[in-house]
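Peer 1: Handing you a structure now.
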Amino acid sequence: PEGEEFLAKENVRVGLMFASKALVQLLVNPSVGLLTNRIGYHIPMFIGFIIMFLSTVMFAFSGTYTLLFIARALQGIGSSFSSVAGLGMLASVYTDDFERGNAMGIALGGLALGLLIGAPFGSVMYEFVGKSSPFLVLAFLALLDGALQLCILQPSKISPESTKGTPVVTLLRDPYILVAAGALCFSNMGVAMLEPTLPIWMMQTMCSPKWQLGMAFLPASISYLIGTNLFGILANKMGRWLCSLIGMAVVGISLLCVPLAKNIYGLIGPNGGLGFAIGMVDSSMMPIMGYLVDLRHTSVYGNVYAIADVAFCMGFAIGPSTGGAIVRAIGFPWLMTIIGVINIAYAPLCWYLRNPPANEEKIAILSQECPMQTKSYSTQKTPHDFPLADDSDVEAE
């Protein structure tokens, strides 16, 4: 009975620590978006690596809840720099809509690989080697990443965008961007609620050993890896709006099935479906964000990916912090029911992204640029970005 009471209280403490990263990331994202417009994407990405390395080392040697909380919050700052700058860089390098979808599918596959290895690796190392071991390995991998960035991206150059990006406030008034951001938020909120609450529920109902607590997330991580890579290509063919609509519905159904599991094997199906469906939503919505900016605003991507990351973080901030409290109040099965129903109810809104209208001024610019090409809106830059000289044929080529 004492253990039960301790675990009930731990739901809230663990939930708050999980949420601290996302809350800090949420606050830092708009500033990073503005910074990328001014100095380019490479330096912020490298700053992100340095902060992530420091937080990982801090995790390894922290012995109190307060220090772990600070390390987790510091991780949020590093994540903000890395993800906003990384996605913005991909959107600016891959201007073709189809290529951009593929590139972002691969990048999100990198995120999935971290999730795939992280939870099982962490729980096994913790059980058999010690608390510091997984973080020290991670710190070494972070150093390797920093060396690769120095060699390939050369983050010493300041390369500001040649045109001024659309302000964050203007982008937030765009209903289509808000629908896409909402899909990212609610689909990821489900897995964010599971992260702190599922292991504790497994201890209470299944008496699971520590190594199983991380292994429970393995099906979700594997299927997310498959989903992001598969639908990075397929979503463009079947329609990204449809892909995200189906994905959100499947997220909801999977969450409703989680409390039905009686042992770790019963979690394979629901968690696998959840990871695959979130992969569908993420690999559809990230390219849509870039596409909407191309279609309706100025083709500078720092701010829109700051908004996408804010939406992502809101899911990971609200999810764990409220999830722990809801579990304590009404129980884990009801938590899964609530978030599952929210996802299913939100899914039809993705239909609005089926054929978003272009900005009138943008249509006029694009029709002058490419009078013969009806779908030129997908990735063309404004003429201010590339002022054509006498050798315009060569530049156009």
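Peer 1: Hey, among the residues in the stretch 60-93 that are surrounded by 20 or more Cβ atoms within 10 Å (Cβ to Cβ) and of a type in the set (V, I, T), which one's farthest from the chain's Cα centre (by Cα)?
Peer 2: Looking at the filtered set, the residue picked out is I77.
Peer 1: Still on this structure, I have one more. Looking at (1) farther than 16 Å from V300 by Cβ; (2) open to solvent by 40 Å² or more (accessible area, probe 1.4 Å); (3) aliphatic (A, V, I, L, M), which is the only condition A19 fails?
Peer 2: The failed condition is (2).
Peer 1: Here is a follow-up. Within the stretch 244-269, restricting attention to residues that are open to solvent by less than 20 Å² (accessible area, probe 1.4 Å) and more than 17 Å from the chain's Cα centre (by Cα), which residue is farthest from L213 (Cα to Cα)?
Peer 2: Only one residue tops the list, namely G252.
Peer 1: To continue, here is another question. Are any residues in the stretch 232-243 among the small types (G, A, S), farther than 23 Å from F217 by Cβ and either open to solvent by less than 10 Å² (accessible area, probe 1.4 Å) or assigned to a helix (DSSP H, G or I) (or both), and if so, which ones?
Peer 2: Correct list: A235 only.
Peer 1: Being over 20 Å from I288 (Cα atoms) and out of contact with any Cys (no Cβ under 7 Å at 6 or more places or on another chain) narrows it down to one of F98, F53, so name that one.
Peer 2: That would be F53, the only listed residue that is over 20 Å from I288 (Cα atoms) and out of contact with any Cys (no Cβ under 7 Å at 6 or more places or on another chain).
Peer 1: Here's a follow-up. State whether one or more residues within the stretch 62-77 are within 18 Å of A306 (Cα to Cα), at pLDDT 80 or above and either touching a strand residue (DSSP E or B) at 6+ places or on another chain (Cβ under 7 Å) or of a type in the set (G, A, S) (or both).
Peer 2: yes
Peer 1: Same structure again: Can you pull out every residue in the stretch 194-208 that is farther than 17 Å from G247 by Cβ and in a helix (DSSP H, G or I)?
Peer 2: Across the stretch 194-208, the qualifying residues are E195, P196, T197, L198, P199, I200, W201, M202, M203, Q204, T205, M206.
Peer 1: State all residues of the stretch 299-353 that are of a type in the set (S, T, Y) and either closer than 19 Å to M248 by Cα or crowded, with 24+ Cβ neighbours inside 10 Å (or both); if no residue qualifies, say none.
Peer 2: Y301, Y305, T337, Y346, Y352
Peer 1: Does L143 fit the bill of being in a helix (DSSP H, G or I) and open to solvent by 40 Å² or more (accessible area, probe 1.4 Å)?
Peer 2: When the stated conditions are applied, L143 passes them.
Peer 1: Are any of the residues in the stretch 276-296 farther than 21 Å from V179 by Cβ, crowded, with 23+ Cβ neighbours inside 10 Å and touching a residue at least 40 places away in the same chain (Cβ under 8 Å)?
Peer 2: Checking the stretch 276-296: at least one residue is farther than 21 Å from V179 by Cβ, crowded, with 23+ Cβ neighbours inside 10 Å and touching a residue at least 40 places away in the same chain (Cβ under 8 Å).
Peer 1: Is it the case, given these coordinates, that Y377 is among the aromatic types (F, W, Y), open to solvent by 30 Å² or more (accessible area, probe 1.4 Å) and modelled with pLDDT of 85 or more?
Peer 2: In short, no.
Peer 1: Considering every residue within the stretch 71-83, establish whether at least one is more than 21 Å from I51 (Cβ to Cβ) and basic (K, R).
Peer 2: No, the stretch 71-83 has no match at all.
Peer 1: Need the failing condition index for N229 against (1) closer than 19 Å to W351 by Cβ; (2) surrounded by fewer than 21 Cβ atoms within 10 Å (Cβ to Cβ); (3) at pLDDT below 85, just the number.
Peer 2: The one condition N229 does not meet is (1).
Peer 1: A further question on this structure: Cβ contacts < 6 Å: first residue over 17 Å from F140 (Cβ atoms), restricted to the stretch 34-55; second residue surrounded by 21 or more Cβ atoms within 10 Å (Cβ to Cβ) and aromatic (F, W, Y), any location; separation 6+ or different chain. Result?
Peer 2: Correct list of pairs: P44/F81; I47/F81; G48/F81.
The values are calculated or read from the model by the stated rules, or taken from the named source; none is laboratory data. Note that the structure is a prediction, hence the values are computed from the model and not measured. All Cβ positions, glycine included, derive from the backbone under ideal geometry; neighbour counts span all protein chains shown. Heavy atoms of the whole protein, side chains included, go into the accessibility calculation; ligands, DNA and RNA do not. Shrake-Rupley method; radii C 1.70, N 1.55, O 1.52, S 1.80 Å.
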